[in-house]
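The block underneath contains the structure these notes are about, expressed in structure tokens.
None of the figures in this text is laboratory data; all of them are computed from the coordinates on show. Being a predicted model, the structure only gives us computed values, none of them experimental. So basically every Cβ, Gly included, is an ideal-geometry build from the backbone, and we count neighbours across all protein chains shown.
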Amino acid sequence: MSAPIAIRSAMEADAGAIGAIYDEGIATGNATFAQGPHPAHERREWLRARDERAPVFVGLAADRVLAWSALAPFSGREWYTGVAEYTVYVSAAARRRGLGLQMLYHLVSAAPEYGYWKLVGMILRENTPGIALAEKAGFRRVGTYSAHGLLGGEWRDVALMERHLRR
Ligand SMILES: CC(C)(COP(=O)(O)OP(=O)(O)OC[C@H]1O[C@@H](n2cnc3c(N)ncnc32)[C@H](O)[C@@H]1OP(=O)(O)O)[C@@H](O)C(=O)NCCC(=O)NCCS
């Protein structure tokens with residue numbers, strides 16, 4: 001386990017680091033359906049477009065951004081207003097040091113402030129680190145969507161993880 005990292009809201013100046021870490025995640029082939037690259041200007045636009053219910057956080061050590069995380073509404077439907085989908089990315093060089101767990105625990109404790117009662121993770125079935133991280137943070141796997149999206153021309157399954165925040 002690493003020393004605790006500092007976690008704060010992302011700022012415009014973090015856009016380059018967030019994009020670079022995102023691209024490292026994409027390079028695993030199992031993190032997301034998105035394709036890179038994500039240069040700073042594109043991530044700045046992305047940050048600007050986030051509203052108050054879709055926060056982005058960065059994790060830093062010695063003032064360097066080593067990880068980022070985000071919450072976003074799971075659905076626009078009123079009755080799902082308390083459900084958020086989470087995202088956690090850790091820089092390739094800083095993985096397996098407990099940073100991902102710190103970022104996810106932070107989301108779990110911050111989410112109620114944004115009006116959420118439950119977090120869900122939608123994680124590509126082959127993403128062993130992503131699923132193991134969620135389980136370690138108290139999420140349970142509630143199912144698998146089969147052939148849920150196309151990545152590089154290949155149909156991919158998505159594991160569904162959930163954690164209630166109020167019970
Ligand atoms: C998933 C990810 C965020 C994990 O971050 P991390 O900082 O390496 O994870 P941690 O060091 O905090 O590990 C916490 C736990 O997760 C599990 N875990 C993490 N990486 C793992 C791996 N490669 N294989 C198996 N289990 C793993 C372990 O249970 C680990 O606990 P342990 O070290 O006591 O065994 C990181 O691999 C990553 O950024 N991947 C690309 C982006 C992505 O896939 N995000 C998930 C979808 S949102």
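In region 6-121, Cα pairs under 8 Å separated by at least six residues give a relative contact order of 25 percent. The shape of region 1-56 can be summarised by an equivalent ellipsoid whose semi-axes, obtained from the alpha carbon gyration tensor, come to 19, 18, 11 Å from longest to shortest. Over all other residues within a Cβ to Cβ distance under 14 Å of Leu107, the charged ones net out to +2, with Lys and Arg as +1 and Asp and Glu as -1.
Qualifying trypsin sites (Lys or Arg not before Pro) in region 87-119, where qualification requires a DSSP coil assignment and no more than 11 other C-beta atoms within 10 Å, comprise Arg96.
Neighbours of Leu151 by Cβ distance under 14 Å: Lys/Arg scored +1, Asp/Glu scored -1, total -1. Once the gyration tensor of the Cα atoms in region 75-116 is diagonalised, the equivalent ellipsoid follows with semi-axes of 27, 11, 5 Å, ordered largest first. Converting the Cα gyration tensor eigenvalues of the chain into ellipsoid dimensions via √(5λ) gives semi-axes, longest first, of 22, 20, 17 Å. Note: relative contact order over region 58-135, using C-alpha pairs below 8 Å and six or more positions apart, is 28 percent. From least to most packed, judged by other beta carbons within 10 angstrom and beginning with the fewest, Leu47, Leu71 follow the order Leu47, Leu71. Estimated at 0.36 nm per residue, the fully extended path between Glu78 and His148 surpasses their Cα-Cα distance by 22.8 nm.
Fewest neighbouring Cβ atoms within 10 Å first, the residues Ser69, Ser2 line up as Ser2, Ser69.
For region 10-101, the set of GluC sites (Glu not before Pro) satisfying both a DSSP loop assignment and a count of at most 12 other C-beta atoms within 10 Å is given as Glu52.
Computed 3J(HN,Hα) for region 20-25, one whole-Hz value per residue from the Karplus formula 6.51 cos²θ - 1.76 cosθ + 1.60 where θ = phi - 60°, is 5, 5, 4, 5, 5, x, glycine and proline marked x.
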